[in-house]
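Novice: This is the structure I want to talk about, given as structure tokens.
The values are calculated or read from the model by the stated rules, or taken from the named source; none is laboratory data. What you are looking at is a predicted structure, and each value in this text was computed from that prediction instead of being measured. Here the Cβ positions follow ideal geometry from the backbone for every residue, glycine too, while neighbour counts run over all protein chains shown. Side chains included, ligands, DNA and RNA excluded: accessible areas come from the protein's heavy atoms. Shrake-Rupley method; radii C 1.70, N 1.55, O 1.52, S 1.80 Å.
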Amino acid sequence: MLIQILLIGVSVSMDTFAVSIGKGLTVKKLRGLDALKTALWFGGFQALFPLLGYFAASTFSKYVTAVDHWIIFGLLALIGGNMVREAFEEDEENAKETPEFDWKHMLPLAVACSIDAIAVGVSFAFMTLNIWLSVVIIGITTGLFSAAGLYIGRVFGSRWQKPAQIAGGVVLILIGLKVLFEHLGFLG
């Protein structure tokens, strides 16, 4: 389960990674403080939103245990498919990126990139896992990918932006399929 949570953390961080690459393209000189701010904004919200989804869904999870594997699969497939679709629409959005790292610029980006993580938290409510460890892993993973994205964007440009987001989406879909196939008895 730890590897699965790490893969989910990597996958949901691909949106922030892509945005960070775009932000890195706009920065003339990247400071360590900018990378830290980016990591805290994106990592913090990517940890908070699954936690909110988990607690919201935990209140009704006992009523839907017969179909929980379908819910997990549906949510992860929806999020993953959305990430793949968005990868092909991001050029216009990234053209609007600014080199600012204040709360007025970072808060909307952090919230927008983390909305899908609520659904991940909902799916967590139907899994047997340690939610606190899971959100810490997701937050740290996202923070690291976000900081790396800034530097990659600054140095290499947008070459890795779309492939990273597509890969993240595909991994989420595959994890959803794995959960579904396990519950249906196709996998041991």
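Novice: Considering only protein heavy atoms, what per residue accessible area in square angstrom results for the chain with a 1.4 angstrom probe?
Specialist: 49
Novice: Still on this structure, please answer the following. Plugging the Kirkwood radius over Cα pairs into Stokes-Einstein for segment 97-188, at a temperature of 10 °C and a viscosity of 1.306 mPa s, what D comes out in µm²/s?
Specialist: The calculation lands on 101 µm²/s.
Novice: Also, I was wondering about something else. Gaussian network model of the chain, Cα springs within a sub-10 Å range: biggest mean-square fluctuation belongs to which of TRP103, TRP70, TRP41?
Specialist: With Cα springs under 10 Å in the chain, the top fluctuation among TRP103, TRP70, TRP41 is at TRP103.
Novice: Rg to Rh ratio, the chain, alpha-carbon atoms and Kirkwood radius?
Specialist: Rounded to two decimals, Rg/Rh equals 1.00.
Novice: Next question. Describe numerically, in nm with one decimal, the distance between label points set 7 Å from Cα along Cα→Cβ at LEU133 and at VAL64.
Specialist: Computed distance between label sites LEU133 and VAL64 equals 2.6 nm.
Novice: In the chain, how many lysine pairs have Cα atoms under 21 Å apart, counting only pairs 8 or more places apart or on different chains?
Specialist: Value for the chain: 14.
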